[in-house]
Every structure is written in C-alpha cells, then in structure tokens.
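Here the structure is laid out as structure tokens; the discussion comes afterwards.
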Amino acid sequence: MKADHEQIVRLLKTARGQIDGILKMVEEDRYCLDVSNQLMAAQSILKKANHAVLRAHMDCCVRQAVASGEPEAKLDELIGLLDKLSN
C-alpha cells in the first residue's frame, strides 16, 4: 500500500473509537438520531480513509501500469471497484 500509513492508521483508529462509542450508545438505548449522527460521522471517516488509499493507488500503481504500457489489469480493477461503490 502506497498511502500515508500514519494518516490511514489515525483515521481507522478514530473510526474504531467512534464505532465503540456507537455500540455503547445502542446498549444505553440512546436517542435514534444521536446514534444515526454518529454512524454518519464514522462513515465519513471511513470514506476519507478509503479515498486516501484509492488516491495513492492511482498515483502510484495505476500510473506505473500506464507507464509500462500495460494498464488494462489496473483499469479493470478500478472498473470493478467503481461497480462496487455504485451499489
């Protein structure tokens, strides 16, 4: 993985902490919208981490594949990923 490891680890640990907090909120039967807001916050952090990982992949791995004259496999991977993201 070519992404900034420290940044990704920090984001994932933050998301893990939020999820632990959400679990506690559910166990305490907290207000639904409060739980929902925290779920959206955790999703946002995970989305940010995924964006950083994918950006690094495109900046490094995809560029290398294009430069080598054999981009098809990496482009097919990206198409598959876009299909997953759109579902």
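Quick notes on this structure:
- With helices as the sole contributors, the chain gives -26000 deg cm²/dmol at 222 nm; each DSSP H run of n ≥ 4 counts as -39500 (n - 2.57), and the sum is divided by every residue.
- Cβ charges +1 (Lys, Arg) and -1 (Asp, Glu), total dipole of the chain, debye: 240 debye
- Straight-distance crosslink candidates among lysines, where the alpha carbon sits under 28 Å from residue 84 and sequence neighbours closer than 8 are dropped: 2, 13, 47, 48, 74
- Sorting 77-83, 67-73, 49-55 by average packing, meaning the other beta carbons within 10 Å per residue, from highest down gives 49-55, 77-83, 67-73.
- For the range 5-85, radius of gyration divided by Kirkwood radius, i.e. Rg to Rh on alpha-carbons: 1.18
- The packing ranking, built from the mean of other Cβ atoms within 10 Å per residue, places the peptides 23-34, 5-16 in the order 5-16, 23-34, highest first.
- Potential extension, residue 56-residue 2 segment - 0.36 nm per residue separation minus Cα distance: 18.9 nm
All of the numbers you see were taken from the coordinates with simple rules; none came from a lab. Worth saying up front: this structure is predicted, and the values here are computed from it rather than measured. Ideal geometry is used to build each Cβ from the backbone, glycine not excepted, and the neighbour counts take in all protein chains shown.
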